[in-house]
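The values are calculated or read from the model by the stated rules, or taken from the named source; none is laboratory data. What you see is a predicted model, and the numbers here were worked out from it, not measured in a lab. Here the Cβ positions follow ideal geometry from the backbone for every residue, glycine too, while neighbour counts run over all protein chains shown. Each accessible area value is taken on the protein alone, full model and side chains, heavy atoms only, with ligands, DNA and RNA left out. Shrake-Rupley method; radii C 1.70, N 1.55, O 1.52, S 1.80 Å.
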Amino acid sequence: MKNIAIFASGNGSNAENIIKFFRGSETACVTLVLSNKANAYVLQRAKALEVPTRVFGRESLKDGLVLSSLQEAQIDFIILAGFLWLLPASLIRAYPDQIINIHPSLLPKYGGKGMYGNKVHQAVIENGETESGITIHLVNEEYDKGKILLQARVDVNPEDTPDSLAMKIHQLEYQHFPEVIQKQVVVH
Ligand code: GAR
């Protein structure tokens, strides 16, 4: 059984979906949820589902404290589910091909620093795109540039708003993210 830690900065609906999915799995289990924000709703979701939580600051991410607490908790895989910060190289090197991120666009479009949540959907709509989607990828040392594991598409209609597009994108995320994680855990 592999141990998964989820990093999330906000609402945490993907985190909740992943926790529930792996409750029925013999392959892996979510054993820790970490956030850089003490008031992130994801922490309440995790507590309600009886998953231990930790809050950390930039310093402990950089100086290796987060890494040592992951190792202490015997974490095998790290899932970024709406996590805002870039991970330090030391953490990425400690978990080669074991860190997976989800991004709410068809990378390489609308990726990079500062492209997060509704900002992405706003840009997609402003540019008149007729489709968008999700990208699930391995994490390397650059924002949104690791090996792509899966992309899935959705139509963008003229009447879509950032919120309506976010809802469609979230549905795709709930549908695909847990299974891609499961596959990666098995092949690794
Ligand atoms: C998700 O749509 C995820 O793809 C996005 O944040 C949202 C978090 O929603 N991630 C990024 O934008 C990363 N650059 P959630 O907190 O409800 O899971």
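If we keep just the residues of the stretch 132-165 that are in a helix (DSSP H, G or I) and open to solvent by 20 Å² or more (accessible area, probe 1.4 Å), which is farthest from the ligand (Cβ to nearest atom)?
First pass over the stretch 132-165, keeping only residues in a helix (DSSP H, G or I): 162-165.
Remaining after also requiring open to solvent by 20 Å² or more (accessible area, probe 1.4 Å): 162-164.
Working: 162: 11, 163: 12, 164: 14 Å.
Residue satisfying both the conditions and the ranking: 164.
Only one of 110, 116 is in a loop (DSSP other than H, G, I, E, B), of a type in the set (Ser, Thr, Tyr) and within 14 Å of the chain's Cα centre (by Cα); which? Let's see the steps before the verdict.
On the way: 110 fails: within 14 Å of the chain's Cα centre (by Cα).
Result of the check over 110, 116: 116.
If a residue must be more than 9 Å from the ligand (Cβ to nearest atom) and open to solvent by 50 Å² or more (accessible area, probe 1.4 Å), how many such residues does the stretch 1-28 contain?
Total meeting the criteria: 7.
Would you pick out the residues in the stretch 85-131 that are among the hydrophobic types (A, V, I, L, M, F, W, C), near the ligand (Cβ under 7 Å from one of its atoms) and either touching a residue at least 60 places away in the same chain (Cβ under 8 Å) or loosely packed, with under 14 Cβ neighbours inside 10 Å (or both)?
102, the sole residue that qualifies.
Looking at the stretch 59-67, is at least one residue at pLDDT 95 or above, at positive phi and away from the ligand (no atom under 11 Å from the Cβ)?
Within the stretch 59-67, not a single residue is at pLDDT 95 or above, at positive phi and away from the ligand (no atom under 11 Å from the Cβ).
Select from the stretch 39-54 the residues that are open to solvent by 80 Å² or more (accessible area, probe 1.4 Å) and within 16 Å of the ligand (Cβ to nearest atom) and list them in ascending order. I'd like the intermediate steps shown before the answer.
Taking the stretch 39-54 and keeping what is open to solvent by 80 Å² or more (accessible area, probe 1.4 Å), we get 39, 41, 44, 47-48, 50, 54.
Passing the criteria: 39, 41, 44, 47, 48.
From the list 89, 15, 38, which one is within 29 Å of residue 132 (Cβ to Cβ) and aliphatic (A, V, I, L, M)?
Sole residue among the options that is within 29 Å of residue 132 (Cβ to Cβ) and aliphatic (A, V, I, L, M): 15.
Does residue 186 meet the test of being open to solvent by 70 Å² or more (accessible area, probe 1.4 Å), under 25 Å from residue 87 (Cβ atoms) and either touching a strand residue (DSSP E or B) at 6+ places or on another chain (Cβ under 6 Å) or of a type in the set (A, V, I, L, M, F, W, C) (or both)?
Yes, satisfied.
Does residue 179 meet the test of being part of a loop (DSSP other than H, G, I, E, B), modelled with pLDDT of 95 or more and either within 30 Å of residue 26 (Cβ to Cβ) or open to solvent by 70 Å² or more (accessible area, probe 1.4 Å) (or both)?
So residue 179 fails the test.
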